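Data first, discussion second: the structure below is written as structure tokens.
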Amino acid sequence: MYVNPIGLGTNAVGGHNIYPNLSDDTGKQVVRTAFENGINFLDTAYIYGPEHSERLIGEVIQEKGNRQDVVIATKGSHKLVDGKMVHDNSPAFLTECVESSLKRLHTDFIDLFYIHFPDQNTPKAEAVGALKRLKDAGKIRAIGVSNFSIEQLKEANVHGDVDVLQSEYNLFKRSVEQEILPYCAGNNISFVPYFPLAAGLLGGKYTRDTKFDDGRARNPMFQGEEFARNLAKVDQLRTIADAKHAEVAHVVLAWYLTVESIDALIPGAKKPEQVLNNLKTLQVRLTADEIAKIDQIFQV
Ligand code: NAP
């Protein structure tokens, strides 16, 4: 599967349960802008909405008639039980997840299906075995897992069937560098980092006075002294970005593309302008010195 290294994360397309005051029209325009400008890798999930992100993307794909040109990744594992969300990786439930995502996306195949979160009970090789059967049946084209620990990943990949791992990774959150990234590189697994812009913090436009009306308002990274320290690190990136006539977000995204085992990124966008802006990353080439300097700023 070949994709533009700059893809699109769509939890702000129809993700009314994640961000307040989202407009469906703007969300669909974000997706159209991506398609019209060469982005062909979209990341969604059942839980964004729930269901709504997949439906909006399905509508835009129908309208455009470009299904074959688009690589759609979606995820499942969330299950509502007695009013509570739990995770289920059982073969029967994952099969149900794939079937219902196919309907919402108006498609007869999903390019990449991820187990969104591990559950407590299902042996991981059994869960991946269900996805392998769906792959053999042509319902999905590639197998992904998300939010798996190194142990869970190794268990899931015991037969070498895992194609992609998606987990949190950005310049502030680097724990996957210890074991997970080397394992992916050594086992031909493509690593897709989520929160590449640290939910906007690495976008370079927030100040100490920026106020958040979503989950970020409760996240310590966006509060008090920790927020101030984080902003100071982002400010150091500005010097590197200015010298390259680029913006902080482009330099950050370009840095991930230098990491072995990362082939593509899925920065989220709330507005069409952000989609276009993130594409400018493709014009940025970092020198070895710049790569090392960025690394160093975020080591302390
Ligand atoms: P992200 O990519 O780290 O940050 C996206 C936010 O950054 C945007 O909503 C926007 O926020 C800001 N932004 C975007 N482009 C920018 C630019 N060019 N310059 C400055 N700021 C910019 O966070 P995310 O969207 O939550 O994560 C990416 C994707 O990963 C999601 O959309 C989703 O598909 C996936 N994801 C997966 C999991 C999982 O469990 N597997 C979990 C979370 C996310 P503002 O407009 O508010 O500034």
Worksheet item: Under a 5 Å amide H to amide H cut-off, with H placed in plane at 1.01 Å, what residues pair with Ile6 once short-range neighbours are removed?
Response: Leu265
Worksheet, complete the sentence: Along principal axes, largest first, the alpha-carbon spread of region 259-300 in whole Å comes out as 33, 22, 19
Worksheet entry | Cα centre as origin, Lys/Arg/Asp/Glu Cβ charges: region 150-224 dipole, Debye | 500 debye
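Divide, for region 1-158, the radius of gyration over alpha carbons by 2.2 N^0.38 Å, where N is the residue count.
Details: Rg = 15.3 Å, N = 158, 2.2 N^0.38 = 15.1 Å.
Rounded to two decimals, the normalised Rg is 1.02.
Ala228 to Ile18: extension gain in nm, 0.36 nm per residue of separation minus the Cα-Cα distance? Could you put the intermediate results ahead of the total?
Numbers: separation 210, 0.36 × 210 = 75.60 nm, distance 2.45 nm.
My answer for the length gained is 73.2 nm.
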Worksheet item: For region 33-77, what log10 I(q)/I(0) values come out of the Debye formula at q = 0.17, 0.21, 0.32 1/Å, with one point per alpha carbon and no solvent?
Response: -0.46, -0.68, -1.23
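Percent of alpha carbon pairs in region 114-191 separated by more than 14 Å? Walk me through the numbers before you get to the answer.
Values: 1751 of 3003 pairs.
Every Cα pair in region 114-191 considered, those over 14 Å come to 58 percent.
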Practice prompt. Would you please report the Å³ per residue occupied by the convex hull of the alpha carbon atoms in the chain?
Written response: 133 Å³
Worksheet item: Starting at 0 and stepping by 10 Å, how many percent of the alpha carbon pairs of region 203-300 end up in each bin?
Response: 14, 42, 37, 7
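Using helices alone, I'd like the mean residue ellipticity at 222 nm for the chain: each DSSP H run of four-plus residues gives -39500 (n - 2.57), total over residue count, nearest 500. Intermediate values should be presented prior to the final figure.
Details: 10 runs with 114 residues, N = 300.
Helix contribution divided over all residues of the chain: -11500 deg cm²/dmol.
FYI, it's all coordinate maths here, none of it is from the lab. Being a predicted model, the structure only gives us computed values, none of them experimental. Cβ sites come from the backbone with ideal geometry, for glycine too, and all protein chains shown count toward neighbours.
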